[in-house]
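The values are calculated or read from the model by the stated rules, or taken from the named source; none is laboratory data. It should be emphasised that the depicted structure is a prediction, and the values quoted were computed from it without experimental measurement. Every residue, glycine among them, receives a Cβ derived from its backbone with ideal geometry; neighbour counts consider all protein chains shown. Just so you know, the surface numbers come from the protein's heavy atoms only, side chains and all, with ligands and any DNA or RNA stripped out. Shrake-Rupley method; radii C 1.70, N 1.55, O 1.52, S 1.80 Å.
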Amino acid sequence: MSANHPHAKPHAHTHAQTHVRERRQQLATEAARLMVEGGIRDFHLAKRKAAQRLGIVDDASLPRNSEIEAALREHQRLFLGDRQQTELQRRREAALPALEFFQHFQPRLVGPVLDGTADAHSPVSLHLHSDDADAVPRWLDEHGIPAHPRSHRLRLDHERDIDAPAWLFSAEGLEFDVTVLPQDSLRQAPLSGVDGKPMQRASLRQLRLLLADAEIADAKALTAP
């Protein structure tokens, strides 16, 4: 077909789009693999490392975070199976006493432990709420819990970003990552770095219901013919 043929340009455009889609999928799959095998928790870092490994330099081929999350779920299903579910369940059960411990701060479970993508590298992530910046470290200190300070960049809404104070500590052989947000953040969750929508989050009561539903589903699976 000559370059002057009326169907040449549409065909070339379609071919280019297909090529970009294939590279995006390839990058998403590689980024998901790096997250699982390397314990990377940052989508942006994972996609950049994947692009570097695959030698892909154009930004048009970079997958969206939601595409990487879908690839991550598929990778876990194919290669981790029951192991991933065991790690997820362990962290959800550990989140219960943690939410009880922080009840004064109206805590919420967030992140991979809630959305179901947690694995052996995932901390139990909680959002606590207080307008007193020293209240959480005081609480940890009073209860003899050594914690390491850090901060997380979060989008409160489409206009406001904050560097929220956070603390890392270990308990029951697991890592906990607690971030302190202003009290008014209880009314509306910060925006997710995956899809830009308000983050999923669960209170103590909601987590109990989630675990109860999982227990019922497991029981049904065991008794199914």
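Data table
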{"quantity": "Given (1) in contact (Cβ under 8 Å) with a residue 60 or more places away in the chain; (2) over 30 Å from ALA135 (Cα atoms), index of the condition LEU99 fails", "calculated": "(2)"}
{"quantity": "Conditions (1) closer than 16 Å to GLN106 by Cα; (2) open to solvent by less than 70 Å² (accessible area, probe 1.4 Å): number failed by ALA212", "calculated": "(1)"}
{"quantity": "Whichever residue in the range 68-118 is charged (D, E, K, R) and at pLDDT below 90 and, among such residues, is nearest to THR179 (Cα to Cα)", "calculated": "GLU69"}
{"quantity": "Residues satisfying the stated conditions in the range 112-163, i.e. of a type outside the set (D, E, K, R), within 24 Å of the chain's Cα centre (by Cα) and over 28 Å from ALA71 (Cβ atoms)", "calculated": "LEU128, HIS129, SER130, VAL136, ALA147, HIS148, PRO149, SER151, LEU156, ILE162"}
{"quantity": "Enumeration of residues in the range 40-61 that are under 25 Å from GLY111 (Cα atoms) and not in a helix (DSSP H, G or I)", "calculated": "ILE40, ARG41, ASP42"}
{"quantity": "Within the range 181-192, tally of residues that are open to solvent by 60 Å² or more (accessible area, probe 1.4 Å) and touching a helix residue (DSSP H, G or I) at 6+ places or on another chain (Cβ under 9 Å)", "calculated": "0"}
{"quantity": "Matching residues in the range 181-196 - criterion: being over 16 Å from ILE68 (Cβ atoms) and part of a loop (DSSP other than H, G, I, E, B)", "calculated": "PRO182, ARG187, GLN188, ALA189, PRO190"}
{"quantity": "Residue match in the range 64-73 (condition: open to solvent by less than 60 Å² (accessible area, probe 1.4 Å), touching a strand residue (DSSP E or B) at 6+ places or on another chain (Cβ under 9 Å) and either without any contact (Cβ under 8 Å) to a residue 12 or more places away in the chain or part of a helix (DSSP H, G or I) (or both))", "calculated": "no"}
{"quantity": "Among residues of the range 107-119, those that are of a type in the set (Asp, Glu) and either assigned to a loop (DSSP other than H, G, I, E, B) or more than 30 Å from GLU37 (Cβ to Cβ) (or both), counted", "calculated": "1"}
{"quantity": "Strands (runs of 3 or more DSSP E) contained in the range 120-180 and holding at least 3 residues without any contact (Cβ under 8 Å) to a residue 60 or more places away in the chain and open to solvent by less than 30 Å² (accessible area, probe 1.4 Å)", "calculated": "124-129, 161-171"}
{"quantity": "Count of the range 162-188 residues which are among the charged types (D, E, K, R), more than 17 Å from LEU128 (Cα to Cα) and modelled with pLDDT of 95 or more", "calculated": "0"}
{"quantity": "In the range 82-106, the residues that are open to solvent by 30 Å² or more (accessible area, probe 1.4 Å) and not in a helix (DSSP H, G or I)", "calculated": "GLN106"}
